[in-house]
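Coordinate-derived values only; no laboratory data. Values in this document were obtained by computation on a predicted structure and should not be read as measured data. Please note: Cβ atoms are built from the backbone with ideal geometry, for glycine as well, and neighbour counts cover all protein chains shown.
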Amino acid sequence: MIVRSELKKYQFFFKKKVKNANKTFDYSIIWFLIIKKEEKIGIGECNPLLEKLTNLNFYEKELLFVSRKINVIKKTEIDYYRSYISYSSILFGLEQAFLYLKKKFPILYDSKFTNGKIGLSINSLIWYSSIKNTEHEIEKEIFQGFSFIKMKISPIFFHNQYLYFLLKKIQNKYPYIKISMDANGSFKRKEDSLSCINKFCDINIIHSVEQPIQSGNWKEMSTICKVSKIPIALDEELIGINDLKLKKRLLDTIKPQYIVLKPSVCGGFSGCKEWILEANKRGIGWWISSSLDSHMGINTMAQWTFKIEQKYYKNSRGIHGLNIGYFYNDFFSPIYIKKGFIWYNPLHQWNIKSIF
């Protein structure tokens, strides 16, 4: 059996400055793991943007090592390589490539989504910017057909009375929309986060607040989830929690209302599925979100999300964070956004010649 693995490295540039409460992103370096098995091709996106990295060189060295191992072992089952992988996004890239070898790229699962008959509902995303631009940004997303908007927020925003009155105004004009506020762990103390969050409790369009304090503070986060008058979603809290027993303990200790699952930092599809099953047992809501991936990664995630939601729909929010269009030098693909949904047009062809 002929199995051959190789790597391609790309630098994707953001169309506009991408900024959350902690960091500004100008570009993203993404590796593509390409595995050929006789006539079939598998492609997996390895995106370390949200990994807890100290050095990209270590990441690349591990990727090269795994790629060489594939050329030596020549097996296309992920269990042969788990012991060599320390980064979640590398595991996810390998998982994607092997799944495509079982099917046929670019279709992972034949479904009403890949047939272009049904779109997958997604939220829009407003990055951290001047608070005075927020009203314009929200209305722009609403006019484009989004009914669910995710906003990047910092404690400064929460303390600003202007935001409260702005969201009141938005609620009066568009009472049918929902807004999620993502703090990216930027609050230093639980008391401060609760004080700020609860000021907004009478604004009914606020769906949830994501990750108010830094991850790892289970006791404090548990108190926030219990006392907050707005539902809390865990995001960064899940990163690095890969053991099933630890996942159960985290959910039982913190008792969040929601969890946000990013395959690239939550152990790939297999890791996310574990979280979903445990969340469903506890009545905890969940949704799938990307890590600023290219069209390649989003294509794979959207197909998987469509399938997994139909199978494990219990407690799914039904609206996912799978947006595209961040990079001006992204691949041309059949996926596109229309009126708050991501769609797959089977009549369009991929343009990924540069990968090969």
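Against the chain, whose longest principal axis is taken from its Cα atoms, helix 268-282 shows a tilt of about 40°. Between GLY145, GLY44, GLY93, the GNM of the chain built on Cα springs shorter than 10 angstrom shows GLY145 fluctuating the most. Segment PHE165..ARG282, full-extension length gain: 38.6 nm, with 0.36 nm per residue of separation and the alpha-carbon distance subtracted.
Grab the eigenvalues of the alpha-carbon gyration tensor for segment 3-102, scale each by 5, take roots, and send me the semi-axes largest first in whole angstrom. Intermediate results must be reported in sequence, preceding the final value.
Working: eigenvalues 143, 42, 23 Å².
They are 27, 14, 11 Å, listed largest first.
Derived value for segment 233-308: Kirkwood hydrodynamic radius 12.5 Å. Basis is the mean of 1/r over every pair of different alpha-carbon atoms. Under the convention that each Lys and Arg Cβ holds +1 and each Asp and Glu Cβ holds -1, the size of the dipole of the chain around its Cα centre is about 400 debye.
Between the C-alpha center of segment 249-277 and that of segment 305-348 there is a gap of 20 Å. Angle between the Cα long axis of helix 244-254 and the longest principal axis of the chain, 0 to 90 degrees, nearest 10? Helix 244-254 sits roughly 10 degrees off the main axis of the chain.
Charge dipole (Cα centre; +1 on Lys/Arg Cβ, -1 on Asp/Glu Cβ; no other charges) of segment 123-208 amounts to roughly 100 debye.
Taking a straight line from the alpha carbon of LYS40, these aspartates and glutamates sit under 16 Å away, with near neighbours fewer than eight places off in the same chain left out: GLU6, GLU77, GLU95.
In whole angstrom, segment 222-271 maps to an equivalent ellipsoid with semi-axes of 21, 12, 7, each derived as √(5λ) from the alpha carbon gyration tensor and ordered largest first.
Applying the Karplus parametrisation 6.51 cos²θ - 1.76 cosθ + 1.60 with θ = phi - 60° to the phi angles of segment 288-305, what ³J(HN,Hα) value in whole Hz is obtained for each residue in order, glycine and proline being reported as x? Result, rounded to whole Hz: 9, 9, 8, 10, 6, 8, 6, 4, 4, x, 5, 4, 5, 5, 5, 4, 5, 4.
The magnitude of the dipole of segment 3-102, with charges of +1 and -1 set on the Cβ of Lys/Arg and Asp/Glu and taken from the Cα centre, is near 220 debye.
On a 0 to 90° scale, report how tilted helix 161-173 is relative to the longest principal axis of the chain, with both axes built from alpha carbons and the result rounded to the nearest 10. With both axes taken from Cα atoms, the answer is about 80 degrees. Assuming R0 = 30 Å, what is the FRET efficiency of SER111 and TYR80, from their Cβ-Cβ distance, to the nearest 0.05? With a Förster radius of 30 Å, E is 0.55.
Ordered from longest to shortest, the equivalent ellipsoid semi-axes for segment 120-355 are 28, 24, 15 Å, each the square root of 5 times a Cα gyration tensor eigenvalue. Each Lys or Arg adds one and each Asp or Glu subtracts one; over the other residues with Cβ under 12 Å from the Cβ of SER111, this totals +3. With the simple model of a label 7 Å out from the Cα in the direction of the Cβ, LYS102 to GLU139 spans 4.9 nm. Of SER228, SER121, SER88, which is the most mobile in a GNM of the chain whose springs link Cα atoms less than 10 angstrom apart? Comparing SER228, SER121, SER88 in a Gaussian network model of the chain, the most mobile one is SER228.
Towards the positive end of the charge dipole of the chain, with charges on Cβ (+1 Lys, Arg; -1 Asp, Glu), say which of TRP304, ILE29, GLY321 has the farthest Cα. It is TRP304. One Cα centroid belongs to segment 1-41, the other to segment 138-216; the line between them spans 32 Å.
When you restrict to C-alpha pairs under 8 Å that are six or more residues apart and normalise by the size of segment 3-102, the relative contact order lands at 32 percent. If R0 equals 35 Å, the separation of the Cβ atoms of ARG4 and LYS245 corresponds to a calculated FRET efficiency of about 0.40.
Converting phi to 3J(HN,Hα) with the Karplus coefficients 6.51, -1.76 and 1.60 and the offset θ = phi - 60°, segment 24-38 yields 10, 10, 9, 8, 9, 9, 10, 9, 10, 8, 10, 10, 10, 10, 6 Hz in sequence order, with x at every glycine or proline. Highest mobility in the GNM of the chain, judged by mean-square fluctuation with C-alpha springs under 10 Å and restricted to GLY283, GLY321, GLY271, is found for GLY283. Of ARG317, ARG4, the sequence from fewest to most neighbouring Cβ atoms within 10 angstrom is ARG4, ARG317.
Estimated at 0.36 nm per residue, the fully extended path between TYR27 and LYS61 surpasses their Cα-Cα distance by 10.2 nm.
Between ASN204 and LYS16, what is the spin-label point distance in nm, taking each point 7 Å from the Cα along the Cα→C-beta axis? A separation of 3.1 nm, rounded to one decimal place.
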